[in-house]
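Here is the structure we will look at.
The values are calculated or read from the model by the stated rules, or taken from the named source; none is laboratory data. Just so it is clear, the model here is predicted, and its values are computed rather than measured. Cβ placement follows ideal geometry from the backbone for every residue including glycine, while neighbour counts extend to all protein chains displayed.
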């Protein structure tokens, strides 16, 4: 029993990380109808910026205060993501108002390559570390309840906490604030949003900035766990089934989807894996997403689109 | 009626609009006076919606001038038209389907919100108080349009006639000087049409809003408009009081065909 719960918790923690990336997808899709293929590249780009800025700031401060260096790096990387948001709107989206979804998808594919290339040119292509002072040591819990207790990674726990807070804030932002309302309006109908005077350009910058900050947080957490390297960009591919599962337009969906995938991967690997020779973790999420598509194409929490004929 | 028809507020001079080789509008001139109900009618494909989109800034005519309160208007985008006080509704309803009626109408207040985006995003201090003020205004509009009972319903679930009403509500929330209505009565039954006519006249009467309205159903239009422009194949074939237009032989030909 203890082992099962340990696997379950491990899955939940891994799922939380998927959720963070999925959240970026959802944000941009929800508020501009663009499926942003570049979300993974944004995570990599943000993490690279964070890692290098932190390194540079640390050197400039003489290595005295890691927290200060990280704070400076976070603000700096946030600034970089703001610039990315501005540039994407100015040079890409502005030209493509009212274009087909497929066109916009292709464009984000292009942005992916640009971000990956520019990111590595600017910040280098080695493996970097992000050290934000996350505790690395695991702790034993519930030793009295289960035989041998449950091993929990403190770092995972904190990451999950950060993700939860982020999701809470974003939900409030979307549902309660006038800007959130304007974002939802733009997502629904460009023409109508323009006609009531919502400045589309500024809204798009805000959306991409928010997605950029989410990418930054995801990048920091992933980066501090695994190191910042090119493979971070492919993380996005693993978040793809998450958004299919949770629904492209739902913030809570991204979270629940991430958790289901995380738990599913771990449990299936441990319990079904041995029967089929292992390696389930790699494809499990996709198969789950596929089965979901058959029964609920809009995902768990997505808006069901009913077209009038 | 208490309202007084005022000066020319929008003057369209020799407007021509082409899409590649297709002439959508050819050399059309007419004006709109303050506080009047001005209708643009014509058969399908006559260029009515194109005309509306020119006024709204969605299309930019190749030739011609548009004067707004005597000032020549430069090439403008729809959100700038909104800033000048031009609101519109859409022929095939362009509401924000996932949002409630209340939220939809609240979006119409966007331009009236004075606190900056940061305050609004953080949802503190002045932005909160402001929201209350706008909320009150929106409730007035909801009362006016008699849609209190569906306030919290997502718009996508409403029947067509009510959606049209919400569309009107969102435009009204902008407190526009000119309200452009793109076939407000299309697809409605007789009762819904009567309701809509009443709302249009009330808006015009109570708020003094100038109304420009497109319809191809001549009967309705003739009853509520002050003046009517008739388009056919992108050309103006009639302009004047409803009765004059009705007896204009060219208009009759356009509507009923040459045989009559």
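Structure data summary
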read-out	value
Residues being closer than 17 Å to residue B:142 by Cα, crowded, with 24+ Cβ neighbours inside 10 Å and more than 8 Å from every other protein chain (Cβ to nearest Cβ) - total across region B:68-103	2
Single residue of A:55, A:89, A:100 found to be under 25 Å from residue B:77 (Cβ atoms) and either crowded, with 19+ Cβ neighbours inside 10 Å or touching a residue at least 60 places away in the same chain (Cβ under 8 Å) (or both)	A:89
Out of B:39, B:46, sole residue that is more than 14 Å from every other protein chain (Cβ to nearest Cβ), surrounded by 20 or more Cβ atoms within 10 Å (Cβ to Cβ) and over 17 Å from the mean Cα position of the chain (by Cα)	B:46
Lone qualifier among B:181, B:168 - being crowded, with 19+ Cβ neighbours inside 10 Å, modelled with pLDDT of 85 or more, in a strand (DSSP E or B) and in contact with a strand residue (DSSP E or B) (Cβ under 8 Å, 6 or more places away or on another chain)	B:181
Residue A:248 vs. criteria touching a residue at least 12 places away in the same chain (Cβ under 8 Å), under 23 Å from residue A:44 (Cβ atoms) and outside any helix (DSSP H, G or I)	yes
Residue B:230 being outside any helix (DSSP H, G or I) and closer than 20 Å to residue B:27 by Cβ	yes
Those residues of region A:181-199 which are assigned to a helix (DSSP H, G or I) and either within 7 Å of chain B (Cβ to nearest Cβ) or touching a strand residue (DSSP E or B) at 6+ places or on another chain (Cβ under 9 Å) (or both), in sequence order	A:181, A:182, A:184, A:185, A:188, A:191, A:192, A:194, A:195
Given (1) within 25 Å of residue B:201 (Cα to Cα); (2) touching a helix residue (DSSP H, G or I) at 6+ places or on another chain (Cβ under 8 Å); (3) in a strand (DSSP E or B), number of the condition residue B:82 does not satisfy	(3)
Number of the exception - residue A:294 against (1) touching a residue at least 12 places away in the same chain (Cβ under 8 Å); (2) more than 14 Å from chain B (Cβ to nearest Cβ); (3) over 15 Å from residue A:21 (Cα atoms)	(1)
Enumeration of residues in region B:104-133 that are part of a helix (DSSP H, G or I), modelled with pLDDT of 75 or more and at the interface with another protein chain (Cβ under 7 Å from one of its Cβ atoms)	B:106, B:107, B:110, B:111, B:131
Residue list for region A:30-52, filter: touching a strand residue (DSSP E or B) at 6+ places or on another chain (Cβ under 9 Å) and surrounded by fewer than 24 Cβ atoms within 10 Å (Cβ to Cβ)	A:52
Residue under evaluation residue B:157, criteria (1) surrounded by fewer than 19 Cβ atoms within 10 Å (Cβ to Cβ); (2) in contact (Cβ under 8 Å) with a residue 24 or more places away in the chain, criterion not met	(2)
Check on residue A:71, assigned to a helix (DSSP H, G or I) and in contact (Cβ under 8 Å) with a residue 60 or more places away in the chain	no
Failed item, numbered, when residue A:181 is tested on (1) closer than 19 Å to residue B:80 by Cα; (2) buried (at least 21 other Cβ atoms within 10 Å of the Cβ)	(1)
Selection count where residues are in contact with a helix residue (DSSP H, G or I) (Cβ under 6 Å, 6 or more places away or on another chain) and within 14 Å of another protein chain (Cβ to nearest Cβ), scope region A:146-180	8
Test: residue in region A:237-247 that is within 27 Å of residue A:293 (Cβ to Cβ) and within 14 Å of chain B (Cβ to nearest Cβ)	yes
Residue within region B:26-41 that is touching a helix residue (DSSP H, G or I) at 6+ places or on another chain (Cβ under 8 Å) and either modelled with pLDDT under 85 or under 30 Å from residue B:129 (Cα atoms) (or both) present	no
Number of positions in region B:208-227 that are surrounded by fewer than 17 Cβ atoms within 10 Å (Cβ to Cβ) and not in a loop (DSSP other than H, G, I, E, B)	2
Selection within region A:111-136 - in a loop (DSSP other than H, G, I, E, B) and closer than 20 Å to residue A:70 by Cβ	A:124, A:126, A:127, A:129, A:130, A:131, A:132, A:133, A:134, A:135, A:136
Check on residue B:95, closer than 24 Å to residue B:200 by Cβ and in a loop (DSSP other than H, G, I, E, B)	yes
Residue in region A:227-234 that is within 13 Å of another protein chain (Cβ to nearest Cβ) and either touching a residue at least 24 places away in the same chain (Cβ under 8 Å) or buried (at least 24 other Cβ atoms within 10 Å of the Cβ) (or both) present	no
Selected residue [outside any loop (DSSP other than H, G, I, E, B), in contact (Cβ under 8 Å) with a residue 24 or more places away in the chain and closer than 26 Å to residue A:128 by Cα] from A:256, A:210	A:210
Region B:149-162, residues that are assigned to a helix (DSSP H, G or I) and in contact with a helix residue (DSSP H, G or I) (Cβ under 6 Å, 6 or more places away or on another chain)	B:150, B:155, B:161
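Table: residues versus (1) at pLDDT 80 or above; (2) more than 22 Å from residue A:159 (Cα to Cα).
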position	(1), (2)
A:258	yes, no
A:266	yes, no
A:269	yes, yes
A:278	no, yes
A:289	yes, yes
